[in-house]
Amino acid sequence: MSENPTDAAKIDQRVRDVLDGLGLPYEIVEIDPAYADTAQFCERYGFPPEQSANTIIVGSKKDPKQYAACVVRATTRLDVNHVVRKLMGVPRLSFATAEETMALTGMMIGGVTVFALPDALPVYVDDGLMPLDYVILGGGSRSTKVKIAPAVFTRLPGAQIIPGLSG
């Protein structure tokens with residue numbers, strides 16, 4: 001599955017509009033889409049993995065399907081089975097497939113960001129990101145990343161800072 005350049009440009013613009021509205025300085029890092037996955041990005045562009053975060057879409061196993069976006073440091077694991085399951089109030093969860101993620105967000109894995117998600121989607125952010133001086137997040141497409149202060153999560157409508165979201 002490859003990214004449609006027109007769709008990617010629309011998402012990139014939505015991301016910039018949201019970022020501009022949050023009132024914090026940020027940097028858009030243009031990248032080769034072949035290096036969008038976190039480990040490859042960090043190695044290729046010299047950013048430490050500890051400063052990078054992944055936005056992961058999870059979904060309930062049973063209908064009606066419920067989804068949430070979770071943001072955790074790239075060097076940690078999302079606690080899906082305990083913390084996220086309790087937050088969502090569902091008996092079982094799994095990581096959304098690439099197809100589900102695309103259908104829900106319009107974004108491909110490797111580019112998913114909290115800055116262009118559907119309004120009704122809950123956003124859970126690991127509190128371990130908050131002490132960092134900056135964080136690298138997906139930019140909405142596989143061609144960009146966003147470098148910004150973690151204080152952005154306190155300004156992002158609907159985002160909740162969650163202790164122990166990652167294990």
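Structure summary
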| item | result |
| --- | --- |
| Theoretical gain in end-to-end length, residue 154 to residue 29 [0.36 nm per residue, Cα-Cα removed] | 42.8 nm |
| Fully extended contour minus Cα-Cα distance, from residue 95 to residue 62, at 0.36 nm per residue | 10.6 nm |
| Antiparallel bridges, percent of DSSP beta bridges restricted to the chain (to nearest 5) | 70 |
| Charge tally in the Cβ shell below 14 Å around residue 82, where Lys, Arg are +1 and Asp, Glu are -1, residue 82 excluded | +2 |
| Partners for residue 65 among lysines (Cα-Cα distance below 19 Å; same-chain residues under 8 apart left out) | 86 |
| About the Cα centre, charge dipole magnitude for the chain (Lys/Arg +1, Asp/Glu -1 at Cβ), debye | 540 |
| Between region 96-167 and region 16-33, the Cα center-to-center distance that results, in Å | 13 |
| Simple spin-label estimate for residue 133 and residue 76 in nanometres, 7 Å along Cα-Cβ | 2.0 |
| Ordering of 7-15, 128-136, 106-114, 38-46 by burial proxy (mean other Cβ atoms within 10 Å per residue, highest first) | 106-114, 7-15, 128-136, 38-46 |
| Among 21, 42, 82 the positive-end extreme of the charge dipole of region 19-95 (Cβ point charges) | 82 |
| Net charge over other residues, Cβ less than 11 angstrom from the Cβ of residue 49 (K, R count +1; D, E count -1) | -1 |
| Helical contribution to [θ] at 222 nm, DSSP H n ≥ 4, -39,500 (n - 2.57), averaged over the chain, rounded to 500 | -7000 deg cm²/dmol |
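The numbers here are math on the coordinates, done by the rules we state, and not lab data. Because the structure is predicted, anything quoted here is derived from the model rather than measured. Positions of Cβ are generated from backbone atoms using ideal geometry, with glycine treated the same way; all protein chains shown enter the neighbour counts.
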